[in-house]
Amino acid sequence: MSMLALLLTLAQAAPQAPAPVPAATPKPAPTGPFVSLEVTQGRLALGTIVIALNKEKAPISVDNFLQYVRAGHYDGTVFHRVMPGFMVQGGGFTPELEERPTRPAIKNEARNGLRNSRGTVAMARTSDPNSATSQFFINVRDNHRLDFGIGGAGYAVFGEVVEGLEIADRISLTPTTPRGPHQNAPQTSVVIRRAHELKTWAPKPAAETPKP
């Protein structure tokens, strides 16, 4: 065997180095607008949930949500439907479960490419795809069966929780009881004490690991 043929044989037999794994593309930081929900349960302050709204992908839903926020519609409303391992829904009822008046329904934007993944916020609606008004829900797990094309017309995602997702998790575990037509109402009302638009928001710095 010639030296050239030997080198070719050895090169072919040598284990090939694995192809370099491309670096994951960092998720772009949310640009807002941002809305803060101050949540209480009984006399206990649960904390604040901050939602980053995606006006580029869901302009109708975002404008609709902000109008309700600015009008004070959500102040004093409750999360009236909570389901562990699924979602928490609110934005339409008082602690007495009296429904607040709403503006006309909006167009369903579920076809915008945003998925019902854990931490996202979507518009609640009836069986009519274009029936969403003020009510919204926070996904506490990946609920992709609610996406457009998988769940029919789908449920329109218009934002994501960027702070306080653990509060939504806690709300989802609240013991529930049937109250009128509501089958999963918290036994102790979980109230949005105040909803307001934030001028700016920045993530809290990560806590440093204590040195040994």
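Please treat every number below as a calculation from the coordinates, not as lab data. Being a predicted model, the structure only gives us computed values, none of them experimental. Note: ideal-geometry Cβ built from the backbone for every residue, glycine included; neighbour counts use all protein chains shown.
Modelled label positions at Gln67 and Ala45, each set 7 Å beyond Cα in the direction of Cβ, lie 3.3 nm from each other.
Using a 10 Å cut-off on Cβ atoms, rank the peptides 55-64, 151-160 from the highest mean neighbour count down.
151-160, 55-64
Protection proxy ranking, highest mean first, for peptides 188-199, 31-42: 31-42, 188-199, where packing is the per-residue count of other beta-carbon atoms within 10 Å, averaged.
According to the Cα-based calculation, Rg over Rh for segment 37-116 is 0.97, with Rh computed by the Kirkwood formula. Compactness of segment 30-198, taken as the C-alpha radius of gyration over 2.2 N^0.38 Å, stands at 0.93. Cβ-to-Cβ counts within 10 Å put Arg141, Arg43, Arg115 in ascending order as Arg43, Arg141, Arg115, the fewest first.
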